[in-house]
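Presented below is the structure to which this report refers.
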Amino acid sequence: MKRLKITTILFLGLLSLSLQSIAQSAASRANYDESKVPEFEIPDLLTSFEGEAIHTAREWETMRRPELLDFFTNQMYGKIPGDLAITKWEVIEEGTGAINGKAKRKQVDIHVENNGKKLSFNILLYLPNNVEKAPMFLGYNFYGNHIVYNDPNIRISNAWARNNNTYGITEHRLTEESRGAQTENWQVEKMIDAGYGLATIYYGEVDPDRDDFSDGIHPLFYNEGQDKPLDNEWGAISAWAWGLTKAMDYLEQDPGVDASKVVTFGHSRLGKTSLWAGVVDERFAGAISNNSGCGGAALSKRKFGETLEIINNAFPHWFCDNFNIYNDNEEALPVDQHALIALMAPRPVYIASAEEDQWADPKGEFLSGFYATPVYKLFGKSGIDDEQMPGIHHPIHNSVAYHIRSGKHAVTAYDWEQYIKWADIHVKNQ
Ligand code: GCU
């Protein structure tokens, strides 16, 4: 019996080592040479799958948008198995005098319940004092709400977290050590000064970011005997996007919020999430994707930096199982990520890259915006007209917006300055 156990452990260990090395070797084969980008045809957004030409915003909305949305839903991010309303929300803490006396703070628990199972997550809100109903940025953070600002009142989440030495996270628990540690990445004070509120959620409370479908929101929808989503059902990105739509349900009730002016924001995997949430829930006034890369804003067919095979092997829980069909088979995709950007139309969308973030393919991120622009034009909106990428720190602030800044994969003060300027034009003063 004991021997059997040891053999099984050894076998599983070897299996996971070899899976890891397959993923690593695929990652080490990533292409960073522009001359090796394969030739590919970019799927025409203004021709339906059946070959019919789309001439008007109405034809886009009635024919083309639904079929593209259906593709992304059932073949990529995965469908949400059902509707689930908030059972109850509770303001667990609130205070004035936050952010150097300029804002109110509110911490709200959202509870949902289904099939006898429950889930709760917390939204931290900062609302500017001098605005009656604030336009908002809504986005997930990676390491707990208390990381966004050095405010001793922000409660520390008990949810599972990825270990991280920099933030003092061991044994998968968040601690005091990370309080305020990402103030620079969040720039809450800049938002408040510009008259915006921030609503943020620790993403691990909605679905812990690990390849395990027994936790987070997924089990609330399982049928008897089910232990993972079906092949076309939601992976983690779709689950996180669902959480943002529930946060929106709450924001619609909050008297301090202008719910018609809520923009989703996210960095990296959470930038993929912010785009998908913006697409599925048209209540959002806009979406910002910061360095979202593969499976976010970047074109998959370029196979530059991270590819579908790499991402699906490294993060098998992010997309639905159907999406594996396209591993090293990008040619077979009838869409590309420019279609995801276009699904935001006519609402404003911001794509941001970083020069040193080649893994996320800045050019592929930019081209998505360029190729999505004809759809925005149907609505009389402006996007990206020049196929040449703009220089570093030369932002384009149209309905489809883009910038590339110097530096690494991160969110910086520069990024937030651009988002605020752009939101002033396309959201706040609309
Ligand atoms: C990995 C992953 C990316 C993702 C990033 C992040 O690098 O390969 O797709 O965007 O993590 O979320 O930080």
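The values are calculated or read from the model by the stated rules, or taken from the named source; none is laboratory data. All values derive from a computational prediction rather than experimental measurement. As a convention, Cβ positions derive from the backbone with ideal geometry for all residues, glycine included, and neighbour counts pool all protein chains shown. Calculation scope for accessible area: heavy atoms of the full protein, side chains included, ligands and nucleic acids excluded. Shrake-Rupley method; radii C 1.70, N 1.55, O 1.52, S 1.80 Å.
Quick one: which residues, 5 or more positions from residue 31 or on another chain, have an amide H under 5 Å from its amide H? H modelled 1.01 Å from N in the peptide plane, none for Pro or chain starts.
305
Rounded to the nearest Å, what's the spacing between the alpha carbon centres of the stretch 315-382 and the stretch 145-175? Just the number, please.
32
Which shape class, rounded, prolate or oblate, goes with the chain when its Cα gyration tensor gives a ≥ b ≥ c as root eigenvalues, a/c under 1.5 marks rounded, and past that a/b bigger than b/c marks prolate?
Here the chain falls in the rounded category.
How about residue 118: which lysines have a C-alpha closer than 19 Å to its C-alpha, ignoring those fewer than 8 places off in the same chain?
Straight-line reach from residue 118, under 19 Å: 88, 228, 246.
Filter the GluC sites (Glu not before Pro) in the stretch 331-365 down to the DSSP loop ones having no more than 14 other Cβ atoms within 10 Å, then list what survives.
Loop-located and lightly packed - 355, 356.
Suppose all protein chains stay in the model; what accessible area per residue would a 1.4 Å probe give for the chain, in Å²?
I get 42 Å² per residue for this part.
Amide H to amide H under 5 Å from residue 257: which residues, 5+ apart in sequence or cross-chain, H placed 1.01 Å off N in plane?
134
Which net charge results when you count Lys and Arg as +1 and Asp and Glu as -1 among the other residues whose beta-carbon is under 14 Å from that of residue 82?
0
For a quick check of understanding: with a 1.4 angstrom probe and all protein chains in place, what accessible area in square angstrom does residue 125 have, to the nearest ten?
0
Tally Lys and Arg at +1 and Asp and Glu at -1 over the other residues with C-beta under 14 Å from the C-beta of residue 291: what net charge comes out?
With Lys, Arg at +1 and Asp, Glu at -1, the net is -2.
Determine the percent antiparallel among the DSSP beta bridges restricted to the chain, to the nearest 5.
Antiparallel: roughly 50 percent of the beta bridges in the chain.
Hey, what did the chain get for relative contact order, percent, Cα under 8 Å, at least 6 apart?
Computed value for the chain: 16 percent relative contact order.
At a 1.4 Å probe radius, carbon and sulfur cover how many percent of the accessible area of the chain? Numbers along the way, then the final one.
Details: 9010 of 17950 Å².
With neighbouring chains kept in place, the figure for the chain is 50 percent.
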